Ligand SMILES: [Mn+2]
């Protein structure tokens, strides 16, 4: 989409490209032209081998430049949480750095993405729930390539993660037909950005903290009154892709030994690959 005028006829969403969030981070566009098709990938959590396997199943081919392209010009869209818990976070970050730069892929904000971004920014964060594995990978990486190169990668990753829009509008002929978001969204938030919206999109509807110190997740799809646009989301693993009130959950807990799922838009088809193993134990 090269102009906001056409979108304005159908909905009041605006392109946030170049805008800054409250922390001063510049944001990438929240609009994706889906006319050639978009493949939305659920939570990868550093399962790089399964990720490459699903790309091949979806028909993406790796070129001499190391970039995966689809012969029909389809685009890739990650629901976030590409790192942590699993074995190869850096490879996943590197993949999205290169493919976002080439205009072949996009990614939305997510809870682990946000945590890692703040860690890379030097803020005081506690790395847990698999984020400590990312720190460990960066430590090994620095030992391998040296301080300068490791620092450059950290900077690029920080920028990419901070710049991710809270959710992505998938447009067909200029109309928002689907929304991709990490943990959830309310209909009135669609096409907008604010600190509260960014939080909801990252963590979903959280009712509070339980006795075990873990967030109590509420099912935001229960309360949804509309069924359009379609909302594609992840974050909260389900054994099978789950459709409810115009939303589809495509996090099948690959890192916990489940499956990695891709949702093909607008074909409404699901593709999945089984995890090679359980990389993270029981915690979901
Ligand atoms: Mn998540």
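Laboratory data are not the source of any read-out in this text; all were calculated from the coordinates shown. All of these numbers come straight from a predicted model, not from anything done at the bench. Glycine gets a Cβ as well: all are built from the backbone with ideal geometry, and neighbour counts include every protein chain shown.
The figures follow:
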read-out: Residue in region 219-241 that is farthest from the ligand (Cβ to nearest atom), counting only those that are buried (at least 16 other Cβ atoms within 10 Å of the Cβ) and not in a loop (DSSP other than H, G, I, E, B); value: 230
read-out: Flag if residue 170 is in a helix (DSSP H, G or I), under 27 Å from residue 68 (Cα atoms) and touching a residue at least 40 places away in the same chain (Cβ under 8 Å); value: no
read-out: Some residue of region 204-218 being within 24 Å of residue 29 (Cβ to Cβ) and either within 13 Å of the ligand (Cβ to nearest atom) or surrounded by 17 or more Cβ atoms within 10 Å (Cβ to Cβ) (or both); value: yes
read-out: Output for region 64-91, where each listed residue is within 16 Å of the ligand (Cβ to nearest atom) and assigned to a loop (DSSP other than H, G, I, E, B); value: 79, 80, 81, 82, 83, 84, 85, 86
read-out: Considering residues of region 97-113 that are crowded, with 23+ Cβ neighbours inside 10 Å and in a helix (DSSP H, G or I) only, the residue farthest from the ligand (Cβ to nearest atom); value: 113
read-out: Residue 158 being away from the ligand (no atom under 16 Å from the Cβ), farther than 23 Å from residue 42 by Cα, within 19 Å of the chain's Cα centre (by Cα) and surrounded by 15 or more Cβ atoms within 10 Å (Cβ to Cβ); value: no
